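No value in this document is a laboratory result; all are computed from the given coordinates. Nothing here was measured: the structure is a model prediction, and the numbers come from that model. Every residue, glycine among them, receives a Cβ derived from its backbone with ideal geometry; neighbour counts consider all protein chains shown.
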Amino acid sequence: MKTAIAACLLLPSLCAAQHRPPAVSGLFYPADPAELGRAVDNYLAEAPAPPKLPGPLLALVVPHAGYEFSAPVAAAGYRAVSGAYDAVVVFGTAHHMRVAAAALYAKGAFDTPLGPVPVDEVLAARLLKDPRLFQDEPQAHSKEHSVEVQLPFLIKRLKPGWKLLPIIMNTEDLQVCLRVGQAVAAAIQGRKVLLVASSDLSHYPATTVADKVDRATLKALERLDPEYFRLANRIMLARGEPGLETAWCGEAGVIAAMAAARSLGADRGVLIRYANSGYSPRGEAGRAVGYAAAAFVRSGKPPAPGIVLDAGQKWTLLALARQAVARGAAGLRPEPSLSADPVLNLPAAVFVTLTEDGRLRGCIGTTEARSTLRDAVASAAYAAAFSDHRFQPVAPEEMPKLNFEISLLSPARPVLSQESVVPRRHGVILSQGEHVGLFLPQVWDQLPAKEEFLGELCFQKAGLPRNCWQDPKTTIAVFTVSAFAEGKESGPQR
């Protein structure tokens with residue numbers, strides 16, 4: 001605090017404004033200025049060099065736990081940034097009180113052992129013009145650590161002269177998070193501003209579970225798709241893993257930062273470093289917290305849409321589908337499980353098709369991602385074998401004759417009429433009231449004429465008249481698939 005007092009003597013106008021005193025110095029990081037400075041310098045010096053980023057960095061994701069546990073990861077992230085910035089917007093987590101949307105600390109400064117950091121009051125005032133999204137709530141910041149612990153690293157890495165805009169959030173409303181991020185992006189246009197999302201990852205599963213959960217949600221983060229990232233988190237929480245209370249404690253702020261970065265041109269996320277407290281000498285193996293540093297960059301080459309699988313992953317999933325049916329024939333149901341491969345733990349909508357001697361033997365799946373890819377394949381394979389009402393359940397002696405095909409579905413999108421349906425490219429979903437029918441794109445091989453394809457879809461799958469696709473009351477949606485099968489493979493059908 002002596003440094004802050006000295007600064008006040010030199011800059012009395014700064015100290016006339018409200019100052020937020022440190023809330024966790026001496027707890028999360030050293031309170032002594034010299035000790036803190038040495039500690040941050042050492043963390044930065046010992047952190048590995050960041051990977052070569054595929055484009056300019058617009059936002060940084062960093063953890064916010066006590067330095068003993070998270071600082072090595074945070075330092076690896078902060079090594080990816082340096083130089084001069086006008087301002088830094090930190091999207092933190094409101095741990096201590098519920099906030100409706102985004103709570104600002106709009107005036108004054110944040111005191112730190114390394115000196116005060118002034119708030120960007122002009123930027124704050126601009127955002128406060130929309131009270132539906134932004135409120136000046138200094139009380140929400142008074143005990144909060146998620147912004148505070150970032151400041152010593154920022155002071156060390158950036159040239160002096162930058163100002164801080166602290167934002168803390170904890171809403172679960174996705175649209176609010178997106179609007180907050182978009183509003184911030186609009187407000188900082190034309191300025192050199194660093195976006196920082198302050199969040200830890202999973203709390204508090206076993207170390208090995210934290211590793212699998214975190215690496216899956218980080219893989220989802222790479223898409224910079226807020227809805228998909230949030231879905232990945234929700235699916236992980238729905239699994240009921242022992243001890244897992246949250247996937248990302250700062251999810252709201254991360255999504256807002258993602259939306260802001262996307263508005264400014266970011267198109268992919270890049271993982272810089274991951275660890276969890278279970279690997280720390282003082283951590284608890286049965287009660288871990290995950291930490292990650294990642295960058296949101298403008299690469300000009302966004303990730304391919306959907307889940308891209310290599311040959312080994314496809315083989316693994318086909319073997320899993322066959323195993324699920326073999327176990328089902330023996331009276332056993334599939335058991336959900338996290339894979340060691342994070343790609344197989346991503347959310348996915350999947351259909352599994354069984355054929356026998358070239359004839360359909362069962363086909364079931366979902367049009368929306370409701371579970372991980374691994375679990376979706378196992379569940380759909382079991383259902384195709386034993387729950388497809390068109391066929392008798394698969395008998396054990398049929399197993400050698402069965403062939404398995406897996407289809408990964410893109411999100412369905414509505415179209416105005418059948419004229420937008422592209423044969424062999426699109427799968428189609430028809431719906432009218434409670435009647436719903438779906439054909440995968442592979443069905444075009446048997447029904448190449450559009451009228452025949454849609455007519456059979458109406459009659460055979462939706463239980464409607466064959467001409468239902470011409471009825472204005474019928475909704476038509478299309479999707480694409482990436483399909484692969486035992487003994488053959490078909491790539492993405494765009």
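Numbers for the structure displayed
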| item | result |
| --- | --- |
| At 1.002 mPa s and 20 °C, Stokes diffusion of the stretch 2-297 via Kirkwood alpha-carbon radius, µm² per second | 113 |
| Span from the the stretch 110-152 Cα centroid across to the the stretch 282-354 one, whole angstrom | 39 |
| Hz values of 3J(HN,Hα) by residue in the stretch 172-186 - Karplus curve (6.51, -1.76, 1.60), Gly and Pro given as x | 9, 7, 4, 5, 4, 4, 5, 5, 4, x, 5, 5, 5, 4, 5 |
| Net length gained if the chain between residue 308 and residue 84 were fully extended (0.36 nm per residue, minus Cα distance) | 76.8 nm |
| For residue 93, residues with placed amide H under 5 Å, excluding near neighbours | 146, 147, 169 |
| For the chain, share of DSSP beta bridges that run antiparallel, in % to the nearest 5 | 70 |
| Crossing angle, helix 311-329 versus the chain [Cα axis fit, 0-90 degrees, rounded to tens] | 60 |
| Contact order normalised by residue count of the stretch 193-295, Cα under 8 Å, 6+ apart, percent | 42 |
| Neighbour-count ranking [beta-carbon atoms within 10 angstrom, fewest first] of 204, 43 | 204, 43 |
| Ranked list, fewest to most other Cβ atoms within 10 Å of each Cβ, for 97, 236 | 97, 236 |
| All-pairs Cα distance distribution in the stretch 413-481, expressed in whole percent, bin size 10 Å | 24, 63, 13 |
| Percentage of interatomic Cα-Cα distances in the stretch 311-409 larger than 16 Å | 50 |
| Calculated SAXS-style log₁₀ I(q)/I(0) at q = 0.05, 0.13 Å⁻¹ - the chain, Debye, Cα scatterers | -0.24, -1.15 |
| Phi to ³J(HN,Hα) by Karplus 6.51 cos²θ - 1.76 cosθ + 1.60 over the stretch 433-443, Hz, x for Gly, Pro | x, 8, 8, 9, x, 9, 10, 6, x, 4, 5 |
| Charge dipole magnitude, Cβ of K and R +1, D and E -1 - the chain, Cα centre, debye nearest 20 | 880 |
| Angle in degrees between helix 373-386 and the longest Cα principal axis of the chain, rounded to the nearest 10 | 20 |
| The chain: angle of helix 251-263 to the longest principal axis, Cα-based, in degrees nearest 10 | 90 |
| Inter-label distance, nm, simple model (7 Å from Cα along the C-beta direction), residue 132/residue 284 | 4.3 |
| Centre separation in Å (Cα based) which lies between the stretch 182-202 and the stretch 423-494 | 42 |
| Given charges at Cβ of Lys, Arg, Asp, Glu: the chain dipole, positive-most of 394, 44, 336 | 44 |
| For residue 250, residues with placed amide H under 5 Å, excluding near neighbours | 200 |
| Residues whose placed amide H lies under 5 Å from that of residue 349, excluding near-sequence neighbours | 369, 409 |
| Karplus 3J(HN,Hα) series, Hz, for the stretch 78-90 with 6.51 cos²θ - 1.76 cosθ + 1.60 (x for Gly, Pro) | 5, 5, 7, 10, 6, x, 9, 10, 6, 8, 10, 9, 9 |
